[in-house]
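Structure first, commentary second.
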């Protein structure tokens, strides 16, 4: 089971899921290039490049398939992984994502990061939560914890990935996806309407909402996110519990 984070977070956004799902699966949480302790990305990196790198990580552990979770940027990478090797994507669970994928917000963030520097990361992490969530000490602690792992390439990496996200794939890409898909979205997520539209363009996909959660529903409402995932995987015969 592979976990792919949003930007500007790192793999620790999945801390509840890696702890919970490790009861049944080998849980692998990835830091994308330039995040956490991963080396900086190459110039011109694309979402497809990150997806290919993630398959290389899976290859270190198995030649078989994987269940893939992705939030926001991680959701985009997860979709590319499903496109690149559909026979190995046993199930894909995405959150914090919609259709069409936003382009203008990415371009605005690029300008802001270049002007304001790495301090903007803290604000953007907290912006992934609902207004009530932002006031929770545990989520404020999470945001500070991520900031403590900034390194010399983090700022450039965040900008590079926002540039990659500003070039989304065409509608045809979504319509060709053929693996089992679950779309989970907080009702207070800015992607909520787009998530409903995404279910219409990804063939056979399912949609579940989490009341009161924002863009990072897996950490704001982990009990609800996990419940939806396990029900979905049980239907597919992929839950051994």
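The values are calculated or read from the model by the stated rules, or taken from the named source; none is laboratory data. Because the structure is predicted, anything quoted here is derived from the model rather than measured. We place every Cβ from the backbone using ideal geometry, glycine too, and count neighbours over all the protein chains shown.
Of everything in the stretch 161-181 that's assigned to a helix (DSSP H, G or I) and crowded, with 20+ Cβ neighbours inside 10 Å, which residue is farthest from the chain's Cα centre (by Cα)?
If we take residues in the stretch 161-181 being assigned to a helix (DSSP H, G or I) and crowded, with 20+ Cβ neighbours inside 10 Å, then 174 is farthest from the chain's Cα centre (by Cα).
Let's see how each residue does on (1) surrounded by fewer than 22 Cβ atoms within 10 Å (Cβ to Cβ); (2) out of contact with any helix residue (DSSP H, G or I) (no Cβ under 9 Å at 6 or more places or on another chain); (3) at pLDDT below 95; (4) not in a helix (DSSP H, G or I):
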residue	(1), (2), (3), (4)
6	no, no, no, yes
25	yes, yes, no, yes
54	no, no, no, no
68	no, no, no, yes
100	yes, no, yes, yes
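Which residues, counting only those in the stretch 198-213, are surrounded by 17 or more Cβ atoms within 10 Å (Cβ to Cβ) and not in a strand (DSSP E or B)?
Result: 198, 199, 202, 205, 213.
Considering only the stretch 74-85, I want to know if a residue exists there that is at pLDDT below 95 and either surrounded by fewer than 23 Cβ atoms within 10 Å (Cβ to Cβ) or more than 26 Å from residue 240 (Cα to Cα) (or both).
Checked against the condition, which is being at pLDDT below 95 and either surrounded by fewer than 23 Cβ atoms within 10 Å (Cβ to Cβ) or more than 26 Å from residue 240 (Cα to Cα) (or both), the stretch 74-85 yields no hits at all.
Write out, first by first residue and then by second, each pair whose Cβ atoms fall under 7 Å of each other, whose residues are 6+ apart or on separate chains, and whose first residue, in the stretch 133-151, is under 19 Å from residue 39 (Cβ atoms) while the second is part of a loop (DSSP other than H, G, I, E, B).
146/9; 146/10; 149/10; 149/36
Scanning the stretch 226-235 for residues that are in contact (Cβ under 8 Å) with a residue 40 or more places away in the chain and out of contact with any strand residue (DSSP E or B) (no Cβ under 6 Å at 6 or more places or on another chain), which turns out surrounded by the most Cβ atoms within 10 Å (Cβ to Cβ)?
Ranking the qualifying residues of the stretch 226-235, first place goes to 233.
Would you be able to say whether some residue in the stretch 77-86 is part of a strand (DSSP E or B), touching a residue at least 40 places away in the same chain (Cβ under 8 Å) and under 25 Å from residue 197 (Cβ atoms)?
No, the stretch 77-86 contains no residue that is part of a strand (DSSP E or B), touching a residue at least 40 places away in the same chain (Cβ under 8 Å) and under 25 Å from residue 197 (Cβ atoms).
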